[in-house]
1. Please turn the phi angles of the range 91-108 into ³J(HN,Hα) values with the Karplus equation 6.51 cos²θ - 1.76 cosθ + 1.60 (θ = phi - 60°), one per residue in order, whole Hz, x for glycine and proline.
2. Just flag the trypsin sites (Lys or Arg not before Pro) in the range 152-193 sitting in loop per DSSP whose Cβ has no more than 16 other Cβ atoms within 10 Å.
3. Place +1 on the Cβ of every Lys and Arg and -1 on the Cβ of every Asp and Glu in the range 112-228, take the dipole about the Cα centre, and give the residue among 124, 174, 195 whose Cα lies farthest towards its positive end.
4. Convex hull over the alpha-carbon atoms of the range 89-195: what's its volume per residue in Å³?
5. Please identify every one of the trypsin sites (Lys or Arg not before Pro) in the range 81-148 that sits in a loop by DSSP and has no more than 14 other beta carbons within 10 Å of its own beta carbon.
6. Given H placed 1.01 Å from N in the peptide plane, which residues other than close sequence neighbours of residue 223 have an amide H under 5 Å from its amide H?
7. To the nearest 20 Debye, how big is the dipole of the range 63-205 about its Cα centre, given +1 on the beta carbon of each Lys and Arg and -1 on that of each Asp and Glu?
8. Note down the magnitude of the dipole of the range 165-219 about its Cα centre, charges +1 on Lys and Arg C-beta and -1 on Asp and Glu C-beta and zero elsewhere, to the nearest 20 debye.
Amino acid sequence: MLRHSLMLLFILSLSWTGLSQDPDSITIIPMATVGSDTMQPVKKAVMKTRIQRPDNFWRRIAVGGNIGFQFGTVTGFNISPEARIRTVDQLYIGVGFIYQYFRFSDYFWDTIDKEYVSYTSNTFGGRIYLRYYLRSLFDGWAGNFFAHTEYEYLHYVIPFERDPNGRYEDVYDYTRQTYSKGKELIDIHSVFVGGGYTQPISNRVFIDFLIMVNLNDSPHSPYTNPVFRLGVGVGL
């Protein structure tokens, strides 16, 4: 449904798991000393010692979410709070709730009044995903890459229903399906696969870039392949 629209998507995500630096350790830098038997300065030695903080159930949980905006033929926004937990190694399981509001401009053609008709919709749904960071496989920047797979369910209502004798035509359907005023329930099941990169800005702030492909694309899908997500996150 939205695949012919122009998209501009900004996502704000909150999570402590996107940091390349280990949040469960601290760095100690001792003071350098000068020997009493010489007046010559000595070179300062910097020693770094990592002290591991004990792991527990609550340190494995992250909460956050995202906010998205879209502009074009279809204009709207979405909000999706989520929570995830680290299970094995760098594998995370996440769940989230989705609410989306869209305004579809000039989506139907009124064959009687000879004019375009717009409408709005409220969408509800949820998602579950798996994400694996490569930090345990690579050091440095290469460890910031991650693999991502996701299932998403969306449900929304449009104020039109299919009618062979209807006066409104779906301008984005090549079969020119006709509709009448009414109510139709739409269920969308999307399966995404892809990956991304996390770029730390500071010790607790990072930028996420994610690219995915919807394997279950349909005319009613609110996404255009490939699906891009860009986010700014703050570690807890």
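Every read-out reported here was derived from the displayed coordinates using simple, explicitly stated rules and does not represent laboratory data. Model, not experiment: these values are computed from the prediction. In this analysis, Cβ positions are derived from the backbone assuming ideal geometry, glycine residues included, and neighbour counts consider all displayed protein chains.
1. 8, 10, 10, x, 10, x, 9, 10, 10, 9, 10, 9, 10, 9, 7, 6, 8, 10
2. For trypsin sites (Lys or Arg not before Pro) across the range 152-193 that sit outside H, G, I, E and B with at most 16 neighbouring Cβ atoms in 10 Å, the list reads 167, 176.
3. Going by the Cα projections, it comes out as 195.
4. 127
5. Those that pass, being in a loop and sparsely packed, are 114.
6. 2
7. The dipole magnitude comes to about 560 debye.
8. Dipole magnitude for the range 165-219 comes out near 180 debye.
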